[in-house]
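Undergrad: Quick one: structure below, then a few questions.
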Amino acid sequence: MSKESLANLLREERHFPPPADLAAEANVTADAYEQAANDRLGFWAEQARRLDWAVPPTETLDWSNPPFAKWFADGKLNVAYNCVDRHVEAGNGDRVAIHFEGEGGDTRTLTYAQLKDEVCKAANALLELGVKAGDRVAIYLPMIPEAVVSLLACARIGAPHSVVFGGFSAEAVASRIEDAGAEVVITADGGFRRGKANALKSIVDEALRRVTGVRTVLVVRRTEQEVAWTAGRDVWWHELVDRQSPEHDPQPFDAEHPLFILYTSGTTGKPKGILHTSGGYLTQTSYTHHAVFDAKPDRDVYWCTADIGWVTGHSYIVYGPLSNGVTEVMYEGTPDTPHQGRFWEIVQKYGVTLIYAAPTAIRTFMKWGDDIPAKFDLSSLRVLGSVGEPINPEAWIWYRHHIGADRTPVVDTWWQTETGSIMISPLPGVTDTKPGSAQRPLPGISADVVDDEGNPVPNGGGGYLVLTEPWPSMLRTIWGDDQRYVDTYWSRFEGRYFAGDGAKRDDDGDIWLLGRVDDVMLVSGHNISTTEVESALVSSPKVAEAAVVGATDATTGQAIVAFVILRGGVEESDTLVTELRDHVGATLGPIAKPKRILPVAELPKTRSGKIMRRLLRDVAENRELGDVTTLTDSSVMELIQRKLPSAA
Ligand code: 6R9
């Protein structure tokens, strides 16, 4: 962004108070903000007591060597004990931990007692394989219960896991195994996706031709497809794990013992191995799951639709909900297999009360049509969460109306792999919610919006999102590269964490996230966020989804180019394009009118569902495409390019 601060274009007046019954019984009430504001460290010390510590911490934060934080450093705990054993010991062993739904409709139910046995057996198996505390284990699995079991088994023996998303290529697997120095890999023969058995083991085999140092590959049998076998290296899960004892004595580890590494691709350079540790991470994932979802372990059925390969899966499928002893749904497949109502069928079947999904999915459901969710009984739902991208106000309203029957709060949760847990979000029993805004830092979290010089912007202003105080689940470093950690996050603004996201404050002081700062456009001297123009387009009833980029322009510096997916039944035409341009002009002002609008069938997305504007910029500027390896489907770009010459 240039000196000029981010223009503040979108006005959104709608707001929704919390439902009275939810507010009356909410896990967290308004006084939490005040309590944390008065004594932030005391607040987090209290939240740490949600966990069972073998040695309770007496120290909360050590910030004597910033930006390297230590939280609860003299405490000791076992993370897996906190996620399973203690619930069994408290008499809740018969409570369902996981309702697993395979893509093909096969199901498995694991109670907390059964989950404990499985985790202990897997921990004993890893020990038999010679894995010791501190050794890294790479995990490359589909969305099956063994994924949760594997993460917890690693945590139980103090072996940091490094999960690689099951859709990544051999090259990505190899570079992550190498960077983490993993000697054991846990994978499966394959997983079911879109009705097909997708191979995983063969990708690991290929990766291991490129890196050395892996001595064992532990293979879960899921699809029963054929796999190549390397004797002496490959071991079947069912042969090794099933014969282990279900007893394992969990050893306590230091609060700062590494729990996992998770790679974020970033826009340039080699992937960053984000390092998370134990006590602070579990404290904040546990607290935020309790606070933001209002999760009640004795009644709620919670479903996070993310993949375990992303941080959302780590924090809100594994560590947050399980540390709280909540019952959850785990689904293996895609939302349209075998039909476009699959998610809602699952909500109805298990009586899901709390759901956590991504804007990309919500916009897809909008495109598929309102009649699909209408066929299912969704009355069990009471809180709807969103994460991953800014949620366009119209998508937010659609979610609340068509999924939540205008009853349920929508919580738009802003956070990152690096933050470990939710940082900015409404609280469902407290906040008057606004469509499209993550609104306020959670109790105990300090965030601000600053200008180029690092000065806080006044209400109504826009700039960069920063975090102004350390938080318990913050990344501790980039694995093996402390300097890159300092340079990437702590050098842009002295003493503050630079998130890389643009943001604005509205007249009430609420925060609106406006996308990555790399995506902000500079048009005739005004910084304009892609998010706001996209939201204006999506607010037209004819548009389901939009991606906006700034392309170099001789007169205006950059010109706004919009790629739009039309809603079902809408025909593309020149009149439609004019109508949409005028609609943006009327909503945001003439400065934000796109110079070009191109209707397309699909948008390029990362595998976690984020729009890749970088590639669209390449197209809009008639450049050769940059790195497309993290795209879900590279044919999308060919289709878009074919549309373009006419517009060049
Ligand atoms: C949890 C996760 C982090 C980036 C982040 C931001 C975007 C996530 C958002 C959001 C607006 C939200 N992001 N949640 N933007 N509103 N509610 O997604 O982690 O994969 O590391 O991505 O995602 O740009 O900086 P990660």
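Undergrad: Taking 22 Å as R0, compute the FRET efficiency from the Cβ-Cβ separation of HIS401 and ALA20 and round it to 0.05.
TA: 0.70
Undergrad: State the extension gain, in nm to one decimal, for the chain segment bounded by SER64 and SER380, taking 0.36 nm per residue of separation less the distance between their alpha-carbons.
TA: 109.0 nm
Undergrad: Hey, can you rank 513-520, 636-643, 218-225 by average C-beta count inside 10 Å, highest first?
TA: Top to bottom by mean Cβ count within 10 Å: 513-520, 218-225, 636-643.
Undergrad: Let me ask you something else. Could you tell me the ratio Rg/Rh of the range 223-324? Both radii from Cα atoms, Rh via Kirkwood.
TA: 1.05
Undergrad: Let me ask another. How much space per residue, in cubic angstrom, does the convex hull of the C-alpha atoms of the range 161-203 take up?
TA: Output value, Cα hull per residue: 69 Å³.
Undergrad: A further question follows. Taking the 0 to 90 degree range and rounding to the nearest ten, how far is the long axis of helix 170-180 tilted relative to the main principal axis of the chain, both from C-alpha atoms?
TA: 60
Undergrad: Compactness ratio of the chain: Cα Rg over 2.2 N^0.38 Å, N = residue count? All intermediate terms of the calculation are to be shown ahead of the outcome.
TA: On the way: Rg = 23.9 Å, N = 648, 2.2 N^0.38 = 25.8 Å.
My calculation over the Cα atoms of the chain gives 0.93.
Undergrad: What part of the accessible area of the chain, given as a whole %, is carbon or sulfur when the probe is 1.4 angstrom?
TA: Ligands and nucleic acids excluded, carbon and sulfur give 48 percent.
Undergrad: Then there's this: For the range 122-210, what is Rg from Cα atoms divided by 2.2 N^0.38 Å, rounded to two decimals?
TA: 1.05
Undergrad: Next question, about the same structure. Report the relative contact order of the range 519-648, percent, no decimals, based on alpha-carbon pairs under 8 angstrom and at least 6 residues apart.
TA: Working: 215 pairs, mean separation 27.1, N = 130.
It comes to 21 percent, rounded to a whole number.
Undergrad: Something else now. Considering only C-alpha atoms, what is the centroid distance from the range 515-590 to the range 314-393, in Å?
TA: 28
Undergrad: Let a ≥ b ≥ c be the square roots of the eigenvalues of the Cα gyration tensor of the range 524-643; is it rounded (a/c under 1.5), or, if not, prolate (a/b larger than b/c) or oblate?
TA: Here the range 524-643 falls in the oblate category.
Undergrad: With every protein chain present, what is the per residue accessible area of the chain (1.4 Å probe, Å²)?
TA: With all protein chains present, the chain gives 36 Å² per residue.
Undergrad: Size of the dipole of the range 524-643 about the Cα centre, Lys and Arg at +1 and Asp and Glu at -1 on the beta carbon, nothing else charged, in debye to 20?
TA: 180
Undergrad: I've got another one for you. Are any of the pairs LYS201/LYS610; LYS367/LYS605; LYS121/LYS349; LYS504/LYS643; LYS121/LYS272 more than 23 Å apart by Cα-Cα distance, and if so, which?
TA: Details: LYS201/LYS610 27 Å; LYS367/LYS605 16 Å; LYS121/LYS349 30 Å; LYS504/LYS643 34 Å; LYS121/LYS272 32 Å.
The pairs that break the limit, which is 23 Å between Cα atoms, are LYS201/LYS610; LYS121/LYS349; LYS504/LYS643; LYS121/LYS272.
Undergrad: Charges only on Cβ, +1 for Lys and Arg, -1 for Asp and Glu: so what's the dipole of the chain about the Cα centre, in debye to the nearest 20?
TA: Once rounded to the nearest 20, the dipole reads 900 debye.
Undergrad: Which residue, chosen from GLY105, PRO67, LEU141, occupies the Cα position most advanced towards the positive end of the dipole of the range 41-162, where the dipole is computed from +1 (Lys, Arg) and -1 (Asp, Glu) charges on Cβ about the Cα centre?
TA: PRO67
Undergrad: Set the Förster radius R0 to 51 Å, insert the Cβ-Cβ distance between ALA30 and LEU639 as r into 1/(1 + (r/R0)^6), and round the FRET efficiency to 0.05.
TA: Once the sixth-power term is evaluated, E becomes 0.55.
Undergrad: Once the convex hull of the alpha carbons of the range 400-534 is built, what does its volume come to per residue, in cubic angstrom?
TA: It is 133 Å³ per residue.
Undergrad: What's the center-to-center distance, using Cα atoms, between the range 91-124 and the range 1-43 in Å?
TA: 36
Undergrad: Contour minus end-to-end for ALA586 and ASP106, with contour as 0.36 nm per residue of separation and end-to-end as the Cα-Cα distance? Can you show the working numbers first?
TA: Values: separation 480, 0.36 × 480 = 172.80 nm, distance 5.05 nm.
167.8 nm is the gain from fully extending ALA586 to ASP106.
Undergrad: Could I ask something else about it? So what's the gap between the Cα centers of the range 70-84 and the range 188-255, to the nearest angstrom?
TA: About 27 Å separates the Cα centre of the range 70-84 from the one of the range 188-255.
Undergrad: Consider a paramagnetic label point 7 Å from the Cα of ASN459 along Cα→Cβ; state which residues of the range 412-446 have an amide N under 19 Å from it.
TA: 425-427, 431-442
The values are calculated or read from the model by the stated rules, or taken from the named source; none is laboratory data. Keep in mind that this is a model prediction, so the values were computed, not measured. Quick reminder, even Gly has a Cβ in these numbers, built from the backbone with ideal geometry, and neighbours come from all protein chains shown. These area figures cover heavy atoms from the full protein model, side chains too; ligands, DNA and RNA do not enter into them. Shrake-Rupley method; radii C 1.70, N 1.55, O 1.52, S 1.80 Å.
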